[in-house]
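Okay, so here's the structure we're looking at.
The values are calculated or read from the model by the stated rules, or taken from the named source; none is laboratory data. Because the structure is a prediction, the values reported are computed rather than measured. Note: ideal-geometry Cβ built from the backbone for every residue, glycine included; neighbour counts use all protein chains shown.
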Amino acid sequence: MGLQTYEIPMSLYADNRKRVLKAMQASGEEGVALFKGGVATERYDSDHENLFRQESFFAYVFGVTEPGYFGAIDLKDGHSTLFIPRLAEEYAIWMGRIHPPSYLQKKYDVDDVFYVDEMAAKLNAYEVVHTLHGQNTDSQSWCEEFEVEELTARVEKGKLHTATMECRVCKSTAEIDVLRYVARISSEAHVKCMQMIEPGMAEYQIEACFQHYCYSIGGMRNMAYTCICATGPNSAVLHYGHAGAPNNRIFGDGDMALMDMGAEYNCYCSDITCSYPVNGKFSADQRVVYSAVLAAQEAVFAAIKPGVEWVAMHRLAERSILEVLLREGFLLGATVEELMGHGIGSVFMPHGLGHLLGLETHDVGGYPAGRERVPGKLGVSKLRMNRTLEEGMVLTVEPGCYFVEILLTKAMAEPATSRFFNAEAIKRCISFGGVRLEDDIVVTADGMENMTMCPKQIEDVEAVMAGKEWPPPPPAPVA
């Protein structure tokens, strides 16, 4: 894309097609798999065309960046075909050159390219056409169903979705290379934000700094999600930054910042959160809370490996945070086991520990068949994944500790739990907001690799905010 950007090989998508082919063949499916790409959309009733972003399942198997395409995989031999819109001559006047099928065949490294108006005739050569139909277990939304005019072949829905979703859960080596790139650029952008922040600025200035770096250095035109640039009490709003709270607070000396921002590159996402004091120096309370969250993340990092249950990792993070809060006097008169039993962990960390990451920020496959959500209202019940960890999974590890007034007020008023809280310490921190630390990791054969490169230790955060180079240069060779 640019002078310094990562060039994604088309073999990545060819390999993904092979994975889907193998999965469908393993379950005895025949015929052809048909994927529908995304379509261009306009803003409400205007002719303003929204910036197009490819549908993720289609991106997974074909890597196409344009709208209006279909793609097919022959389930006998893997023969790949793109079906492209037949554009009117006027398109060339307003949008640029109309490329012939031969150009797109070479560009996307597929076996054949035909026009969409030829698709039914090609597909009718098969007895069965498999289309995507299934539910995203994270969003609860369903794939958009579609019909092909003049198609006479039998249409099979559902099996392709399950097979492709499972293929997306564990990333290939080529996919992990892309995700490393996105995580690196996003990490560097976070460091830039840390080094330019100071009291008296607006939250959106930090957002602008992050976006500028990711696009100008990394070629990342899209963000993976709406930036969360929360300071002070806004840090306790888990999905701050939306239209009703648009990163517009002016922050002051003593505020804590929680910056949850990640870029996207060719649909592959990063999701990183850094927390730090806007004046560059942690206060005593900020140190305690930050240390609790860091301890939780480090405990999870040490425990991650194939075969570990993700639900167990969430509970480990809760336990680690509670241990520090109890030791530092924020909680009183109980053991960690008692606090866990009364659900106090979810008062301070009401969200799940993390989620799968890939072509979506909250990637698909978190709840395979036979795995259900853990019952409850907050905390572990909000996990976006309930799976046994496998090599090649890419996921976020994002423990947090927040002072959410509505949750604390309720817990401190309940007869069964009120005795656990140091009211004075909690009152001091209500305006504090919260801390979250979020890194993007890949599960390896014997542990994990952290793809995020942001400073974490308190002394490193303070040094970087004071202007220290990050990452530190390698030591000079010994003469």
Leading residue by the ranking (surrounded by the fewest Cβ atoms within 10 Å (Cβ to Cβ)) among those in region 123-148 that are out of contact with any Ser or Thr (no Cβ under 6 Å at 6 or more places or on another chain), more than 17 Å from residue 20 (Cβ to Cβ) and of a type in the set (S, T, N, Q): 140
Step by step: first the residues of region 269-291, then only those that are among the hydrophobic types (A, V, I, L, M, F, W, C) and over 25 Å from residue 227 (Cβ atoms), then the one that is farthest from the chain's Cα centre (by Cα). Which residue is that? 284
The residue from 347, 364 that alone is closer than 20 Å to residue 429 by Cα, in contact (Cβ under 8 Å) with a residue 60 or more places away in the chain and touching a helix residue (DSSP H, G or I) at 6+ places or on another chain (Cβ under 6 Å) is 347
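Restricting attention to region 248-271, and to residues there that are of a type in the set (D, E, K, R) and assigned to a strand (DSSP E or B), which single residue is nearest to residue 215 (Cα to Cα)? Full working, then the answer.
Residues of region 248-271 that are of a type in the set (D, E, K, R), as a first pass: 249, 253, 255, 260, 264, 271.
Of the ones still in play, those that are also assigned to a strand (DSSP E or B) are 260, 264.
Details: 260: 17, 264: 10 Å.
For region 248-271, the residue satisfying everything is 264.
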Of the residues in region 448-479, how many are without any contact (Cβ under 8 Å) to a residue 60 or more places away in the chain and either in contact with a Ser or Thr (Cβ under 9 Å, 6 or more places away or on another chain) or assigned to a loop (DSSP other than H, G, I, E, B) (or both)? 11
Would you confirm whether or not region 363-373 contains a residue that is modelled with pLDDT of 95 or more, surrounded by 21 or more Cβ atoms within 10 Å (Cβ to Cβ) and more than 30 Å from residue 160 (Cβ to Cβ)? no
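Quick grid of which residues meet (1) more than 24 Å from residue 450 (Cα to Cα); (2) in contact with a Leu (Cβ under 7 Å, 6 or more places away or on another chain); (3) modelled with pLDDT under 95; (4) part of a helix (DSSP H, G or I):
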{"residue": "244", "(1), (2), (3), (4)": "yes, no, no, no"}
{"residue": "275", "(1), (2), (3), (4)": "no, yes, no, no"}
{"residue": "291", "(1), (2), (3), (4)": "no, no, no, yes"}
{"residue": "306", "(1), (2), (3), (4)": "no, yes, no, no"}
{"residue": "311", "(1), (2), (3), (4)": "no, yes, no, yes"}
{"residue": "329", "(1), (2), (3), (4)": "yes, no, no, no"}
Considering (1) surrounded by fewer than 16 Cβ atoms within 10 Å (Cβ to Cβ); (2) assigned to a strand (DSSP E or B); (3) small (Gly, Ala, Ser), say which one residue 33 fails and leave the rest. (1)
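Here are some residues: 104, 87, 75. Which one is over 21 Å from residue 13 (Cβ atoms) and in the same structural domain as residue 16 (by TED's automatic domain parsing)? Write out each step before concluding.
Working: 104 fails: over 21 Å from residue 13 (Cβ atoms); 75 fails: over 21 Å from residue 13 (Cβ atoms).
Answer to the selection: 87.
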Restricting the first residue to region 8-30 and requiring it to be in contact (Cβ under 8 Å) with a residue 60 or more places away in the chain, which pairs with a second residue that is of a type in the set (D, E, K, R) and surrounded by 14 or more Cβ atoms within 10 Å (Cβ to Cβ) meet a Cβ separation below 7 Å and a spacing of at least six or different chains? 10/109; 12/175; 14/109; 23/166; 27/159; 29/159
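One residue is enough: does region 410-425 have a residue meeting the conditions in contact (Cβ under 8 Å) with a residue 40 or more places away in the chain, within 27 Å of residue 177 (Cβ to Cβ) and of a type in the set (Phe, Trp, Tyr)? If you could, list the steps in order and put the result at the bottom.
Narrowing region 410-425 to residues in contact (Cβ under 8 Å) with a residue 40 or more places away in the chain: 411, 416-417, 419-422, 425.
With the extra rule that they be within 27 Å of residue 177 (Cβ to Cβ), the set shrinks to none.
No, the conditions are met nowhere in region 410-425.
Name the one entry in 139, 102 that is among the polar types (S, T, N, Q) and assigned to a loop (DSSP other than H, G, I, E, B).
Details: 102 fails: assigned to a loop (DSSP other than H, G, I, E, B).
None of the other options fit; the residue is 139.
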If I ask for residues that are of a type in the set (Val, Ile, Thr) and either touching an Asp or Glu at 6+ places or on another chain (Cβ under 9 Å) or in the same structural domain as residue 452 (by TED's automatic domain parsing) (or both), which ones from region 152-172 would you list? 155, 169
Name the single residue, out of those in region 149-170 being closer than 14 Å to residue 369 by Cα and small (Gly, Ala, Ser), that is surrounded by the fewest Cβ atoms within 10 Å (Cβ to Cβ). 158
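Residue-by-condition table, conditions (1) in a loop (DSSP other than H, G, I, E, B); (2) modelled with pLDDT under 95:
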site	(1), (2)
354	yes, no
396	no, no
431	yes, yes
435	no, no
Kindly evaluate residue 283 against the criterion of being in the same structural domain as residue 436 (by TED's automatic domain parsing), modelled with pLDDT of 95 or more, surrounded by fewer than 19 Cβ atoms within 10 Å (Cβ to Cβ) and among the hydroxyl-bearing types (Ser, Thr, Tyr). yes
So if I check each of 247, 266, 222, which one is touching a residue at least 12 places away in the same chain (Cβ under 8 Å), touching a helix residue (DSSP H, G or I) at 6+ places or on another chain (Cβ under 6 Å), buried (at least 16 other Cβ atoms within 10 Å of the Cβ) and of a type in the set (S, T, N, Q)? 247
